[in-house]
Amino acid sequence: MTVTAHPSLLRELIERCETLRRHAGSDGGPEVARRLEDATYTLCVVTGTRQLDAALSVARRQLADVTS
């Protein structure tokens, strides 16, 4: 049995990580970097991954499975 996060949590974390990554790329400063690190950690924990790109991929797949 696989445990997955609630779809609303996955959507929120995906959006937060993507937004923060864009801001970090445009010199968002240390606060944005810290927030991105925190959001990445949380998304990785709920998806069972270790890197942001993998976590985003797994989260999107889990959302697609729920809506299918």
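The values are calculated or read from the model by the stated rules, or taken from the named source; none is laboratory data. Nothing here was measured: the structure is a model prediction, and the numbers come from that model. Note that we place each Cβ from the backbone using ideal geometry, even for glycine, and neighbour counts take in every protein chain shown. Calculation scope for accessible area: heavy atoms of the full protein, side chains included, ligands and nucleic acids excluded. Shrake-Rupley method; radii C 1.70, N 1.55, O 1.52, S 1.80 Å.
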(request) Specify the residue that is most open to solvent (accessible area, probe 1.4 Å); the eligible residues are those in the range 8-39 that are farther than 16 Å from R61 by Cβ and basic (K, R). (result) R22
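Conditions (1) closer than 16 Å to V66 by Cα; (2) in a helix (DSSP H, G or I), marked per residue:
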residue: I14; (1), (2): yes, yes
residue: T19; (1), (2): no, yes
residue: A24; (1), (2): no, yes
residue: D27; (1), (2): no, no
residue: E37; (1), (2): no, yes
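Here is a yes/no grid of residues against (1) small (G, A, S); (2) at pLDDT 95 or above:
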position	(1), (2)
C17	no, yes
L20	no, yes
H23	no, no
P30	no, no
A54	yes, yes
(request) For the range 43-63, enumerate the residues that are surrounded by 16 or more Cβ atoms within 10 Å (Cβ to Cβ) and either in contact (Cβ under 8 Å) with a residue 12 or more places away in the chain or among the charged types (D, E, K, R) (or both). (result) L43, V46, T47, L52, A55, L56, A59, Q62, L63
